[in-house]
Every structure is written in structure tokens, then in C-alpha cells.
Amino acid sequence: MRIAAAGSALFGLLATATASAAGAAGAEGGAVWLADPYVAALLLFAGFTGTMLALLLSGFAAPGLIGIIGFGLFFLGGHQAGYSEGMDVFFFVLGIVLLVLELLVPSFGILGILGAAALVRAILFSFEDMATATIAMLSAFAAAIIVVTLIARRFKERGIWNRFVLRERLTSEEGFVPSASKSSLLGQQGVTVTALRPAGIVDIGGERIDVVTAGEFIAQHARVVVSRVEGTRVIVKEIH
């Protein structure tokens with residue numbers, strides 16, 4: 001499966017880079033090496049990329065799992081290094097919930113803004129200093145946007161946006177019959193079956209036709225002529 005292969009490649013990149021960083025910082029012990037700015041940025045990249053792919057592309061389960069793992073290792077590293085006391089995870093979950101609610105409940109962007117702010121707060125306070133946090137977060141997010149855009153174009157037929165696009169063609173082969181043109185009635189005369197106020201029915205050559213006037217009232221049994229035809233709309237005027 002091409003989708004599984006894409007997920008495996010992303011996971012392989014994450015595993016290789018994190019393993020390399022672990023070897024370089026193994027003397028520190030535990031999971032503190034995860035808080036290294038370069039490793040943290042890579043984990044954020046994996047988290048952003050995997051989560052966005054899982055949300056945008058139907059059936060992208062592997063990147064979704066990688067996104068969860070990436071964010072999980074990122075927050076674990078910040079906690080083990082002593083940069084946070086667990087509140088970062090709370091704000092991260094709160095941000096995700098608010099963003100999901102923004103998709104389901106119209107809030108004029110308020111929930112979306114609060115959710116984004118909660119996510120930013122969670123990430124910034126998982127680093128040793130604000131400058132490093134800002135650079136790592138923006139770099140990871142920018143790289144994730146590029147990768148997600150490329151993959152989304154490759155698998156655009158599976159995108160969530162397809163749920164909002166009408167793809168059914170209204171053709172005769174699909175069983176749809178277009179309305180017959182009324183242009184042949186132009187100039188023909190008839191008698192009003194009902195009063196036209198301004199819409200009503202006119203008998204033209206023994207056929208009852210739904211018509212309208214240009215705005216005037218025409219009494220029943222009056223003689224009229226078709227003055228204009230606009231698609232299926234027949235406009236008549238009285239013959240004096």
C-alpha cells in the first residue's frame with residue numbers, strides 16, 4: 001500500500017534521527033535526550049505532519065499513530081528534563097479539543113483561536129527557553145506544511161474536502177433528463193385558462209403551459225402571445 005509506505009518512511013526518518021541523538025546524548029540517561037532542541041524539533045515535525053495527514057486524508061492511520069507518538073515523546077522529553085510539570089499535556093489536549101469543537105460548533109473562530117493558543121502554550125513551555133522553543137516550533141510547523149501539501153496533492157482523491165464537493169454528473173447517461181426548451185413557443189398565441197397574477201396557465205395549441213407576465217394582471221379567457229422565453233420561463237402579454 002502506498003499510504004502505508006508513506007507512513008513507514010516518515011516513521012523511519014523519525015526513528016533514525018532520534019536513535020542518532022540518543023547515541024550522542026546517552027550519557028545523560030533516561031529520556032532526557034528527547035529534550036535536545038534538534039530532537040524536539042524533529043518530534044514536533046513528526047507530530048504536526050502525522051496529525052495533519054490523519055485529519056486531512058481519510059484512511060491515513062499510520063501517520064496518525066506517528067503523530068501521537070511524536071507528540072508523546074516530545075512532551076515526555078520536556079517533562080523528564082524538568083522544563084514542565086505536566087501542564088503542557090493538559091494545554092495540548094485542551095487545544096486539540098477546542099480545535100475539534102471549532103469544526104463542529106460555529107463559534108466565529110473563537111474556539112479555533114483559543115485552541116491554537118493552548119497548543120502554542122503547551123509547546124513553548126516544554127523547552128528550556130522561549131527563543132529555542134519559538135525557532136523549533138516554527139521550523140517544525142513550516143516543514144510539516146510542506147510535506148503535508150506534497151502528500152495531500154499525491155493522494156488528493158482521499159482528502160476530507162471531497163465530502164463537500166459534488167462529483168455526480170447530471171448527464172443523460174446517469175439517468176438525468178434536462179428540461180425541454182420552451183423556445184419553440186416564442187410568438188405563439190393562446191388563451192388564459194386562469195387569471196395571470198402574474199403567473200398562471202395558458203392554453204397554447206391545446207397544451208396547458210405555465211407562464212408569467214411582465215408584471216401586469218391578465219384576466220381569465222383573455223388572448224395572449226408569448227413575448228419572451230428565458231430557458232423554461234415563458235413570458236406572455238395580452239393581445240388588445
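The values are calculated or read from the model by the stated rules, or taken from the named source; none is laboratory data. None of the values given here were measured: they were computed from a predicted structure. Cβ coordinates were reconstructed from backbone atoms using ideal geometry, including for glycine residues, and neighbour counts include every protein chain displayed.
Quick rundown of the values:
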item	result
Members of the stretch 178-236 found to be of a type in the set (A, V, I, L, M, F, W, C) and assigned to a loop (DSSP other than H, G, I, E, B), listed by number	180, 186, 193, 195, 214, 217, 219, 222
Residue list for the stretch 143-156, restricted to those being of a type outside the set (A, V, I, L, M) and either within 17 Å of residue 99 (Cβ to Cβ) or surrounded by fewer than 17 Cβ atoms within 10 Å (Cβ to Cβ) (or both)	149, 153, 154, 156
Residue within the stretch 64-73 that is among the aromatic types (Phe, Trp, Tyr), buried (at least 20 other Cβ atoms within 10 Å of the Cβ) and assigned to a helix (DSSP H, G or I) present	yes
Qualifying residue in the stretch 80-94 (condition: assigned to a helix (DSSP H, G or I) and of a type in the set (Asp, Glu))	yes
Condition met for residue 171 (hydroxyl-bearing (Ser, Thr, Tyr) and at pLDDT below 80)	yes
Candidate set: the stretch 230-240, residues that are under 45 Å from the mean Cα position of the chain (by Cα) and modelled with pLDDT of 90 or more; chosen: the one surrounded by the fewest Cβ atoms within 10 Å (Cβ to Cβ)	235
Residue count for the stretch 196-218, restricted to those that are of a type outside the set (Val, Ile, Thr), surrounded by 12 or more Cβ atoms within 10 Å (Cβ to Cβ) and over 50 Å from the mean Cα position of the chain (by Cα)	1
Check on residue 64, closer than 21 Å to residue 140 by Cα, outside the structural domain of residue 138 (by TED's automatic domain parsing) and at pLDDT below 85	no
Pairs, first among the polar types (S, T, N, Q) in the stretch 213-240, second loosely packed, with under 12 Cβ neighbours inside 10 Å, C-beta under 6 Å, six or more apart	232/179
Residues of the stretch 36-61 satisfying the condition of being at pLDDT below 80, of a type in the set (Ser, Thr, Tyr) and in a helix (DSSP H, G or I)	51
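To keep it simple, each residue is scored yes or no on (1) surrounded by 15 or more Cβ atoms within 10 Å (Cβ to Cβ); (2) among the β-branched types (Val, Ile, Thr); (3) touching a residue at least 40 places away in the same chain (Cβ under 8 Å); (4) not assigned by TED's automatic domain parsing to the domain that holds residue 45.
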site	(1), (2), (3), (4)
93	no, yes, no, yes
107	no, no, no, yes
112	yes, no, no, yes
117	no, no, no, yes
121	yes, no, no, yes
130	no, no, no, no
136	yes, no, yes, no
141	yes, no, yes, no
